[in-house]
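To keep things clear, I will list the structure first and then write my remarks on it.
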Amino acid sequence: MTNHGTPRPDRPTSGVALGAAALTTGLMAGSFYVFACAVMPGLARASDRAYIEVMQHINDVIQNPVFFFGFFGALLSTGLAAWRLRRTPLRWWVCGALAAYALAFVLTAVVNVPLNDDLAAAGDPARIADPAAVRADFEGPWVAWNIVRAALCTLASGLLGRALVLRGRLAGAPAQAPYLDPAAGSSASR
């Protein structure tokens, strides 16, 4: 931050937090996007039992440190970036990104994960009496809410990208000269 004029986001730790937020949020936007445009449309072509079996396997293996790095990391790093940049012109971009990602995070926890749990509870697809009903209860809502969270993560990623661009511009801007500071009045040398 400069001594005069608008606060600047020139602390290295704010840049690291903002970069980490952009990276992890981008990873999550990409993950949900791939499900929306490739994984789920591909699975839509499968039989009911195959669909259930593959989704059960995906839901099992996705719970791993690599996924959790992005999933929790996006929330934590964006929150940290919002805190570090709270007194700068970037705060609105980062807080907007935090709000969008937090909503996607909550949707995952209250909609998609319970749907995944219900699908797991259905048991072995070979033994399900009515796999079409199990699939119907899962597929439509899961796909729709995944599209919403993909859009929210993409929005958050775009807002963070904008914040990075603006941070670069602000960090490269020269500090305001004391004689240009309106608060200096007539005491500043001219």
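General observations
- Close amide H partners of L90, meaning residues 5 or more places away or on another chain with modelled amide H under 5 Å apart, do not exist here.
- Sorting S31, S77 on solvent-accessible area from highest to lowest, probe radius 1.4 Å, gives S31, S77.
- A 1.4 Å probe over all protein chains sorts W92, W83, W142 by accessible area into W92, W83, W142, starting with the largest.
- Rounded accessible area of D60 (nearest 10 Å², 1.4 Å probe): 110 Å²
- Förster radius 25 Å - calculated FRET efficiency between V110 and A46 (Cβ-Cβ, nearest 0.05): 0.40
- Inter-label distance for A120 and A151, nm, one decimal - labels placed 7 Å from Cα along Cα-to-Cβ: 2.9 nm
- Residue by residue, the range 101-106 carries 3J(HN,Hα) couplings of 5, 4, 5, 4, 4, 5 Hz when phi is fed to the Karplus relation 6.51 cos²θ - 1.76 cosθ + 1.60 (θ = phi - 60°); x denotes Gly or Pro.
- Probe 1.4 Å - accessible area at V16, Å² to nearest ten: 100 Å²
- Added length on full extension, which subtracts the Cα-Cα distance from 0.36 nm per residue, D137 to N64: 23.7 nm
- Each residue, R127 and A38, gets one label point 7 Å from its Cα in the Cβ direction; the gap between the two is 3.5 nm.
- Estimated vicinal HN-Hα couplings, Hz - the range 16-24 in sequence order (Karplus 6.51, -1.76, 1.60; Gly, Pro = x): 5, 4, 5, x, 5, 5, 5, 5, 5
The values are calculated or read from the model by the stated rules, or taken from the named source; none is laboratory data. Since the model is a prediction, treat every value here as computed from it, not as a measurement. Glycine also receives a Cβ, built like all others from the backbone with ideal geometry; neighbour counts cover every protein chain displayed. Surface areas here come from the heavy atoms of the whole protein model, side chains and all, with no ligands, DNA or RNA. Shrake-Rupley method; radii C 1.70, N 1.55, O 1.52, S 1.80 Å.
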